[in-house]
Amino acid sequence: MAQYDVIVIGAGPGGYVAAIRCAQLGLKTACVEGRATLGGACLNVGCIPSKALLHATHQLHEAEHNFAAMGLKGKTPSVDWKQMQAYKDDVVEQNTKGIEFLFKKNKIDWIKGWATVPAPGQVKVGDDLYDAKAIILAPGSTPASLPGVEIDEKIVVTSTGALTLPKPPKKLVVIGAGVIGLEMGSVYARLGAEVTVVEFLDQITPGMDPEVQRTLQRILKKQGINFIMGAAVQSVATKAGKAKVSYKLRKDDSEAEIDADTVLVATGRKPYVEGLGLEALGIAMTERGQIATDAHWATNVPGIYAIGDAITGPMLAHKAEDEGMAVAEVIAGKAGHVNYGVIPGVIYTHPEVASVGETEETLKKAGRAYKAGKFSFMGNARAKAIFAGDGFVKILVDKNTDRILGAHIIGPAAGDLIHEICVAMEFGASAQDLALTCHAHPTYSEAVREAALACGDGAIHA
Ligand code: FAD
Ligand code: NAI
């Protein structure tokens, strides 16, 4: 029986990062992955392929809408969908092969197949049994189902099917105005589809800053995406290659239907824990079907840890990665730590949306005295030069100490700008610390500085 210090189950951003860090810390490590390629949902059917399609279609949008204004005239590009898919697949392959290279470099054994845990300290893959002093469960998540809706991955698809449609649909109905719905909805709207998003709540992107929610919805509407809000989807019927989505409006219980060529079900994801043998092991689960862990990612069974989408917290690749590094350090006897108060969230629509820390709602609820400093990208020269003045940076600080508590950005490169604020928060910085830092001109990050100035005596270009 092969023996390891650590066996990681699942090679997504949580699992592969945990495996690399374990190996770097001198632990003999193997990682079991059932998929044909490494990288998990993120690299294969999530973050990476979706961002490739968002990038390609954004270029098309720029050519169609902004090139002429900049004096770039002539034929606008036409879409070769097969080639766009090939480009996306190539990006995925480069990244998954990259993880394979990192495994070889760090001398991590990739055990190919689906793992079960027959007993603490043992992992079974096919007929082979492996011994491990510690086991890290990183099995990730899969799309959640919706009652009354049968997924066939042809007409009624999850995000996985939406990434590989045989051709862009003419009419796309997206169920759920969350991150997946808005990102994939944007892709197909830019490709000319009539996109309608049906959302249960009255706002898009639950949990986000309400001003950001309203601004993003307004901009997406302008980009041609239709929204039916406060509507609970009841069922989806398919016939002769088409679909009919039935929904009920929450305000008056009235029912209506909408036709589609393709329906994307984007109503959340759930932990993928089937087949691991967790019940027989007596692993405690949360009410929401996640693997329960303590503050050091230990389950209730000694020697078995869990991280990533399969445990509590936001289902984000970088959250899984941070936990992967931290749990490896804990297993190696070091002080692994994740600051859950500073995990940014980004939506890669155009404009991008990024947020970190507290929102005005959470601060009000906690009764904390705060101040908001806001700056519009209309006052940012660089943003105006690329037709991206619509949006803002909002920084929330403690009213008495000026310490940064959170930030919400909608605008160009928001997903990159947010990290200046994350670093500031990790250092316990005040808005004045950011405001007194020289920012290069002309950059989008000047808008972050201006929002920090707005927390004090006022922004300059407001
Ligand atoms: P996963 O990535 O799901 O990996 C788990 C792996 O474990 C899988 O490969 C699975 O095959 C394997 N596995 C499971 N059980 C077993 C078993 N018994 N034996 C062997 N192998 C097993 N997050 C972001 O931060 N940014 C984004 O832009 C982003 N975009 C996304 C877009 C889409 C369309 C989707 C669906 C998700 C996106 N996410 C994004 C979320 C992100 O993909 C997840 O948060 C992340 O992949 C979670 O990492 P993980 O390691 O926990 O699990
Ligand atoms: P989500 O939780 O972000 O959004 C689901 C939406 O569906 C919610 O707005 C919810 O109110 C709505 N909904 C639920 N039931 C409904 C019904 N019956 N009818 C109408 N609407 C309904 O989930 P999503 O978009 O599926 O994403 C799953 C996970 O993947 C997220 O947790 C996210 O963190 C991650 N992800 C992250 C990305 C990023 O970081 N850029 C990109 C894509 C996914």
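Values quoted throughout were computed directly from the atomic coordinates according to the rules given, and no laboratory measurement underlies them. In this text the structure is predicted, and so the values were computed from the model without any measurement. Cβ coordinates were reconstructed from backbone atoms using ideal geometry, including for glycine residues, and neighbour counts include every protein chain displayed.
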Next item on the list: Quick one: net charge around VAL157, please, counting Lys, Arg +1 and Asp, Glu -1 for every other residue with C-beta under 12 Å from its C-beta.
Entry: -3
Checklist line | Ranked list, fewest to most other Cβ atoms within 10 Å of each Cβ, for GLU33, GLU361, GLU446 | finding: GLU361, GLU446, GLU33
Next item on the list: Enumerate the calculated ³J(HN,Hα) couplings along the stretch 403-411 in order (Karplus 6.51 cos²θ - 1.76 cosθ + 1.60, θ = phi - 60°), each rounded to whole Hz, writing x wherever the residue is Gly or Pro.
Entry: 5, 6, 10, x, 8, 9, 10, 10, x
Margin query: With 10 angstrom as the radius, rank TYR348, TYR16, TYR87 by how many other C-beta atoms surround their C-beta, starting from the fewest.
Written below: TYR87, TYR348, TYR16
Next item on the list: For n ≥ 4 DSSP H runs only, could you compute -39500 (n - 2.57) per run for the chain, divide by its residues and tell me the 222 nm figure to the nearest 500?
Entry: -9500 deg cm²/dmol
Checklist line | Charge tally in the Cβ shell below 12 Å around LEU396, where Lys, Arg are +1 and Asp, Glu are -1, LEU396 excluded | finding: 0
Notebook entry, point to check: What percent of all Cα-Cα pairs in the chain falls in each 20 Å bin, counting up from 0?
Noted result: 23, 52, 25, 0
Margin query: Please rank TRP297, TRP110, TRP81, fewest neighbouring Cβ atoms within 10 Å first, as an exposure proxy.
Written below: TRP81, TRP110, TRP297
Next item on the list: May I have the extent of the alpha carbons of the stretch 180-222 along their three principal axes, as whole Å values ordered from largest to smallest?
Entry: 29, 19, 14
Notebook entry, point to check: Once phi is turned into ³J(HN,Hα) by the Karplus curve 6.51 cos²θ - 1.76 cosθ + 1.60 with θ = phi - 60°, what whole-Hz value does each residue of the stretch 237-253 show in order, with x for glycine and proline?
Noted result: 10, 10, 7, 6, x, 10, 10, 10, 9, 9, 9, 10, 6, 5, 5, 9, 6
Next item on the list: Calculate one ³J(HN,Hα) per residue across the stretch 131-142 by plugging θ = phi - 60° into the Karplus curve 6.51 cos²θ - 1.76 cosθ + 1.60, and present them in order as whole Hz with x for glycine and proline.
Entry: 9, 9, 5, 9, 10, 10, 8, 9, x, x, 9, 9
Next item on the list: Let me know the number of lysine pairs in the stretch 156-267 closer than 22 Å at the Cα, not counting same-chain pairs under 8 apart.
Entry: 17
Item checked: Where the Cα pairs of the stretch 156-267 fall when distances are cut into 5 Å bins, in % -> 2, 13, 25, 25, 20, 11, 4, 1, 0
Item checked: At most 13 other Cβ within 10 Å, DSSP loop - trypsin sites (Lys or Arg not before Pro), the stretch 256-325 -> ARG288
Item checked: In the stretch 59-157, the trypsin sites (Lys or Arg not before Pro) that fall in loop regions by DSSP, at most 16 other Cβ within 10 Å -> LYS73, LYS75, LYS107, LYS154
